[in-house]
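Below is one structure, written out as structure tokens, with a few remarks after it.
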Amino acid sequence: MRRALGIPGCCLALLLLPQLLPAAWGSPHRLLRQPRPPTSRAGSLAAADTACKNRPLDLVFVIDSSRSVRPEEFEKVKIFLSKMIDTLDIGERTTRVAVMNYASTVKVEFPLRTYFDKASMKEAISHIEPLSAGTMTGLAIQTAMDEVFTEEMGTRPATFNIPKVVIVVTDGRPQDQVQDVAASARTAGIEIYAVGVDRADMQSLRIMASEPLDEHVFYVETYGVIEKLTSQFRETFCAVNVCALGAHDCEQICVSNSGSYLCDCYEGYALNPDKRTCSAVDTCAPGRHKCDQICVRNNGSYVCDCYEGYTLNSDKKTCSPMDICAPGRHDCAQVCLNNDGSYSCDCYEGYTLNADKKTCSAVDMCEPGRHDCEQVCVRDDLSYTCDCYPGYNLNPDKKTCS
């Protein structure tokens, strides 16, 4: 199948390669497909409307009017151009068309900015006169790049992603060097197709055309059948954009695909086996997220969190142990003990931890068993001193009495 043109911001030159056909038929080479019957919804839509409904083009026809093209043959070329225009969705915001006429010189008959309706365009084409001498095809391609595909002449900015297309129709051998010009054009993103008629030189057409050659080079034996190429170019340019027409059953996203379409889903959703509907993805399923510790689903996406005692790092994915005993992070009344991401409370000397494991109470240092006084224990703030009963003196050890 021929692929639809869709290289954004690039010039496309259309050159068609001559190959042998049975002379009795006088018809386009076999590489030119016959239109397919509308076997699908997309095909039915295409059959219902002969104008392109897909992406716009900046399209330039480059036609050979050298001495070898007889006047009646040149009229056939003009009819071919008019029929091509009939297949296109012409307009300022859709497809723009320019026409260049060349022989030993090049004439821009009208640039892309001149006409935005089919009737005016076809009227202008009907008045084009042949230039007669020479076949400077290389000069014509160079002129298209330098003088026609400019914003001043109506080409839309590269940011618009409008394909730029040139159709070159010739019946002779170029009298200048086209190889370097064509190579420069292709390097600049120009896709080249060629229409060769009758005496057109096959090798020259191959040199000009883009790869693959069997999709970019075509041939007809006479100008009398060149109109039959119209349907082939329509297939190349006019894959119906089913998505733009709304003729699809995708639940979320429709992606145009060569006259048909494919369905896709928003981020956080996955296409179901029916290839039409979408289901929310469990973004926190193993292997679907990058969280170090905890994944929290969040409206088709996810956010990361950390276990208690850890804090989320600036990358919003990994976690680091927090200083749980930093001021304001704990509820210990006196002493906080860091314990591998958690904490426990303790008390200063002379205090004991209460049952709530947080607050502290002063210890009664004179409780039995807490002191070593022989006779009398006297509490002294958070400590104690010893004393003796009347009639006894405290010994030098400050504990016993005599």
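The values are calculated or read from the model by the stated rules, or taken from the named source; none is laboratory data. From a predicted model like this one, the values you see are computed outputs, not experimental measurements. Heads up, the Cβs are rebuilt from the backbone with ideal geometry, glycines too, and the neighbour counts pull from every protein chain shown. In case anyone asks, the SASA skips ligands and DNA or RNA and just uses the protein heavy atoms, side chains included. Shrake-Rupley method; radii C 1.70, N 1.55, O 1.52, S 1.80 Å.
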Looking only at the stretch 164-196, and only at residues there that are within 18 Å of MET84 (Cβ to Cβ) and small (Gly, Ala, Ser), the one that is modelled with the lowest pLDDT: ALA194
Filtered residue count, the stretch 182-196, keeping only those that are open to solvent by less than 10 Å² (accessible area, probe 1.4 Å) and outside any strand (DSSP E or B): 2
Any chance THR94 is in contact with a helix residue (DSSP H, G or I) (Cβ under 9 Å, 6 or more places away or on another chain) and in the same structural domain as GLY196 (by the TED database): no
Some residue of the stretch 156-163 being at pLDDT below 90 and surrounded by 19 or more Cβ atoms within 10 Å (Cβ to Cβ): yes
Those residues of the stretch 312-337 which are farther than 17 Å from THR359 by Cα, acidic (Asp, Glu) and either at pLDDT 90 or above or over 50 Å from the mean Cα position of the chain (by Cα) (or both), in sequence order: ASP315
Residue within the stretch 107-125 that is assigned to a loop (DSSP other than H, G, I, E, B) and in contact (Cβ under 8 Å) with a residue 60 or more places away in the chain present: no
Near pairs, Cβ below 8 angstrom, 6+ apart or cross-chain, from the stretch 143-170 (closer than 29 Å to VAL197 by Cβ and assigned by the TED database to the domain that holds PHE110) to any residue that is open to solvent by 40 Å² or more (accessible area, probe 1.4 Å) and among the small types (Gly, Ala, Ser): MET145/SER184; MET145/ALA188
Output for the stretch 198-235, where each listed residue is among the β-branched types (Val, Ile, Thr) and either free of Cβ contacts under 8 Å to residues at least 40 places away in the same chain or not assigned by the TED database to the domain that holds GLU73 (or both): ILE207
The stretch 338-348: number of residues that are of a type in the set (Asp, Glu) and modelled with pLDDT under 90: 1
